[in-house]
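A short write-up of the structure that comes next.
The values are calculated or read from the model by the stated rules, or taken from the named source; none is laboratory data. This is a predicted model, so every value here is computed, not measured. No Cβ is skipped: glycine too gets one built from the backbone with ideal geometry, and neighbour counts run over all protein chains shown.
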Amino acid sequence: MTKKGKAQKAQDKVFVFDTTLRDGDQTPGSSFSSYDKELIAKCLKAARLDIIEAGFPAASDGIFSSVKSIAESVKGVVIAALARANKKDIDRAWEAVKGAERPRIHTFLATSDIHLEHKLKMTRKEALEKAAAAVKYAASLCKDVQFSAEDASRSNLDFVCQVFEAVINAGATTVNFPDTTGYALPDEFAEMIGYVIKNTRNIDKAVLSVHCHNDLGLATANSIAAIKAGARQVELTANGLGERAGNSALEEFVMAVKTRKDRLPFKIGVDAKKIGSLSKMVESSSGIRIQPNKAIVGANAFAHESGIHQDGILKNRQTYEIMNPEDIGLGESQLVLGRQSGRKIVRKTLEERGYELSDAEVEKVYESFMNLADRQSEIYPEDLVSILFEDVYEIPDYYVVEHLQVIAGIGPIPTASGIIRAGDKKFEIAKIGIGAIDSAFKAIAKVLKDKSKLLDFGIDSISGGTNAPGKVFVLLKKNGITVKGNGIDRDIITASIKAYINALNRLWRQDNYKK
């Protein structure tokens, strides 16, 4: 092992640098408030991240104030602030983080010829001198200084090595090699990191970091390739947020290292059990929804619909899961009810709710369940219970709308009135509301003294044209039970009432029949 690579390769500790509050905040459509940022910073600290990049203070007074507040309130972790390679930005960054228990100034300058020529209008020599001068000034203020060579993966590697050597001599304690445009391939990126370690003479005096973007969907793969090649800091964001296609995702990198210790024998201090709650907090605060099939934290990450997969999971979860949802602080795996599900999961779902069925009863429920699955993409366990009552136990609807009239339009106050039957009792209803459907639902809820909570409401047209049948669903929750009611009619108000009554009947059956 050469002296140049000894310090990088001898250590197996990998520092995790989170830039959710800086690069993640640059996500198009993101909307972090200062309050959100402070909550996220505290969550990141609780998850034992090594470095939190709190923002780019020179960008705005609001960001400056946010970084300063985080630096002063979040202790026990490095708080970094980003700055361009100029005195004004560096002063602003230092003013924001100097109250931190462990402050870091992170300054950057592009090194690729395309950036130097078209964006910065400077030569390599000028860039080298500017980078070194910026780091020297930052180091006069703060003992922990990071320098990033923007667009390093598209730069001349010998020039990057020269810049790294100069900034380390000027006081940089961390040097960052970003794949700013997500251009590199994993084997190529590993070769780049190896080249930098071998050809930067004083690399043993600094930590080598990487920052990978996801433009080709390779950010996490490139980050892993980099640490295998000798990098010892990785820059990540929760949920993979960031410019364009985002960054290497915190949850993906952390769980890759923790799951594949056989090939990735590195120490990271992150508490993986905090990942689930962190992910949900970032999703809520940013306004950027997580795609269902997102690795690790997506809604489907631990969900199984295939009957073959469900059978395997029931026998031994390791048949189709390489991680446990509990590992990231989530609940149990989900066995999703759908067209691919088998009879075993239907039986198990009903047994978990206290219903013991014969093989013939399971078969009857399963047949109706499959018919429903062909029409309805999302099926709840309570749908199975309803099928059981309707098709096996043959218990009729308790609530029946005998007559309902709704007045709405431009001018009159929306009003619903009519007659509804509950068992052998009839009730007259009348109620005003915001609109036709709202007034109808309120009228029914009032007379039936319904305390359920409306979680969701949706309308679809079954076919084209203004006279097409409308399909409505409502999602109601009561006493911890969630049911989905469906209604179809050419009149959308009537379809909505049918869906609401359908859901109320499903709740009633489960409230009034012993398991």
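If only one of Phe189, Phe159, Phe147, Phe164 is aromatic (Phe, Trp, Tyr), at pLDDT 95 or above, over 33 Å from the mean Cα position of the chain (by Cα) and surrounded by 24 or more Cβ atoms within 10 Å (Cβ to Cβ), which one is it?
Working: Phe189 fails: over 33 Å from the mean Cα position of the chain (by Cα); Phe159 fails: surrounded by 24 or more Cβ atoms within 10 Å (Cβ to Cβ); Phe147 fails: over 33 Å from the mean Cα position of the chain (by Cα).
None of the other options fit; the residue is Phe164.
Criterion applied to Ala59, Ala46 was being of a type outside the set (S, T, N, Q), surrounded by fewer than 19 Cβ atoms within 10 Å (Cβ to Cβ) and touching a residue at least 60 places away in the same chain (Cβ under 8 Å), and the one residue passing it is Ala46. Kindly evaluate Ala138 against the criterion of being closer than 25 Å to Val97 by Cβ, free of Cβ contacts under 8 Å to residues at least 60 places away in the same chain and outside any loop (DSSP other than H, G, I, E, B). The answer is yes for Ala138.
When we screen Ala83, Ala54, Ala93 for residues that are under 21 Å from Thr237 (Cα atoms) and under 26 Å from the mean Cα position of the chain (by Cα), the only hit is Ala54. Taking the condition touching a strand residue (DSSP E or B) at 6+ places or on another chain (Cβ under 8 Å), at pLDDT 90 or above and part of a helix (DSSP H, G or I), does Asp91 pass? So Asp91 fails the test.
For the range 386-430, which residues satisfy the criterion of being at pLDDT 75 or above and on the phi > 0 side of the Ramachandran plot? The answer is Gly418, Gly423. Taking the range 475-498 as the range and being out of contact with any Ser or Thr (no Cβ under 8 Å at 6 or more places or on another chain) and either within 18 Å of Val385 (Cα to Cα) or polar (S, T, N, Q) (or both) as the test, the residues that pass are Asn479, Gly480, Ile481, Thr482, Lys484, Gly485, Asn486, Thr494, Ser496.
Test Ser112 against the stated conditions and say whether it is under 35 Å from the mean Cα position of the chain (by Cα), hydroxyl-bearing (Ser, Thr, Tyr) and within 17 Å of Gln233 (Cα to Cα).
Numbers: under 35 Å from the mean Cα position of the chain (by Cα): yes; hydroxyl-bearing (Ser, Thr, Tyr): yes; within 17 Å of Gln233 (Cα to Cα): no.
So Ser112 does not fit the description; no.
Scan the range 62-77 for residues that are surrounded by fewer than 21 Cβ atoms within 10 Å (Cβ to Cβ) and assigned to a helix (DSSP H, G or I) and the total you get is 6.
Taking the range 263-288, which residues are over 14 Å from the mean Cα position of the chain (by Cα) and not in a loop (DSSP other than H, G, I, E, B)? Walk me through it before giving the result.
From the range 263-288, those over 14 Å from the mean Cα position of the chain (by Cα) are 263-273; that's our starting set.
Answer for the range 263-288, where residues must be over 14 Å from the mean Cα position of the chain (by Cα) and not in a loop (DSSP other than H, G, I, E, B): Lys267, Ala272, Lys273.
Note on the range 483-515: residues that are small (Gly, Ala, Ser) and without any contact (Cβ under 8 Å) to a residue 24 or more places away in the chain total 2. Within the range 476-491, if we keep just the residues that are modelled with pLDDT under 80 and basic (Lys, Arg), the residue that is nearest to Leu372 (Cα to Cα) turns out to be Lys484.
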